[in-house]
Amino acid sequence: MSIALTFVDKDLLKSALVGPDGAVHYTTNTTSGVLGDTNRGFLGRKETTITAANGLVGLIDWREKRFVINGVWRGVHGLRSRSGGIFSSEREWIWGSVPYRLKYHDAHRVLLATPNVGSVAGTVRFTTYQRHLVRTNEAAVIYFPHQIQDEIERMFLLMAILETETHRQDEQKAQDAVG
């Protein structure tokens, strides 16, 4: 079993994440420079703050490329490494003692964060926002398995997924602009 947290807004970096009962579990808020939420240096995205209902705070510093959880900061390059080969989009992320492999599966529009140790039942699943012309749009949803009870680990995984998905969206926008 897992708990599904739905992003209320299609903008993942400025949204509330609500549980099935409607309770807000996390909120995300992003500050940006002159050009808005683009990833263009000092003019674009600055920081994303993630606040948990229990008071835990995480921060993604887009300019300095670091994560901060409850005042402890680490550079993204020390948290993330390539794990699936030179041409693979798979990355390994680690904050505490459990490393996770994050891989986006394009055909299913899902990002999986699978622990390298323990059971795959501890896999976090993220489904992207999907826009539809005729029927109702599908909100982005993150599914946290009940095996992950550590709030810092949950915060870290949420941050890693937000960073990975935002990077994927930025690349997609750049490709769409070219052609």
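Whenever a residue of the range 72-95 is without any contact (Cβ under 8 Å) to a residue 12 or more places away in the chain and closer than 15 Å to Gly58 by Cα, its partners that are in a loop (DSSP other than H, G, I, E, B) and basic (Lys, Arg), lying with C-beta atoms within less than 7 angstrom and at least six residues away or across chains, give the pairs Gly75/Lys65. Scoring Pro99 on the criteria (1) touching a Ser or Thr at 6+ places or on another chain (Cβ under 9 Å); (2) loosely packed, with under 15 Cβ neighbours inside 10 Å leaves a single failure, condition (2). The set of residues in the range 38-61 being at pLDDT 95 or above and part of a loop (DSSP other than H, G, I, E, B) consists of Ala53, Asn54, Gly55, Leu56. With the structure loaded, tell me whether Thr114 is outside any strand (DSSP E or B) and either within 14 Å of Leu12 (Cβ to Cβ) or polar (S, T, N, Q) (or both) or whether it fails that test. Spelling it out, it is not the case that Thr114 is outside any strand (DSSP E or B) and either within 14 Å of Leu12 (Cβ to Cβ) or polar (S, T, N, Q) (or both). Looking at Val8, is it β-branched (Val, Ile, Thr), within 12 Å of Ala139 (Cα to Cα) and modelled with pLDDT of 95 or more? Considered against the rule, which asks whether it is β-branched (Val, Ile, Thr), within 12 Å of Ala139 (Cα to Cα) and modelled with pLDDT of 95 or more, Val8 comes out as yes. Considering the range 89-120, and only residues there that are of a type in the set (S, T, N, Q) and out of contact with any strand residue (DSSP E or B) (no Cβ under 7 Å at 6 or more places or on another chain), the residue that is nearest to Met155 (Cα to Cα) turns out to be Ser97.
Residues that are in contact (Cβ under 8 Å) with a residue 60 or more places away in the chain, assigned to a loop (DSSP other than H, G, I, E, B), loosely packed, with under 15 Cβ neighbours inside 10 Å and not small (Gly, Ala, Ser) occur at least once in the range 136-149. Evaluate the range 83-101: report whether one residue or more is part of a strand (DSSP E or B) and within 22 Å of Asp9 (Cβ to Cβ). No, the range 83-101 has no match at all. Of Arg63, Arg80, which residue is in contact with a Phe, Trp or Tyr (Cβ under 9 Å, 6 or more places away or on another chain), surrounded by 15 or more Cβ atoms within 10 Å (Cβ to Cβ) and within 19 Å of Gln169 (Cα to Cα)? Being in contact with a Phe, Trp or Tyr (Cβ under 9 Å, 6 or more places away or on another chain), surrounded by 15 or more Cβ atoms within 10 Å (Cβ to Cβ) and within 19 Å of Gln169 (Cα to Cα) holds for just one of Arg63, Arg80, which is Arg80.
The values are calculated or read from the model by the stated rules, or taken from the named source; none is laboratory data. None of these values were measured; they are calculated from a predicted model. Neighbour counts run over all protein chains shown; Cβ positions are idealised from the backbone, glycine included.
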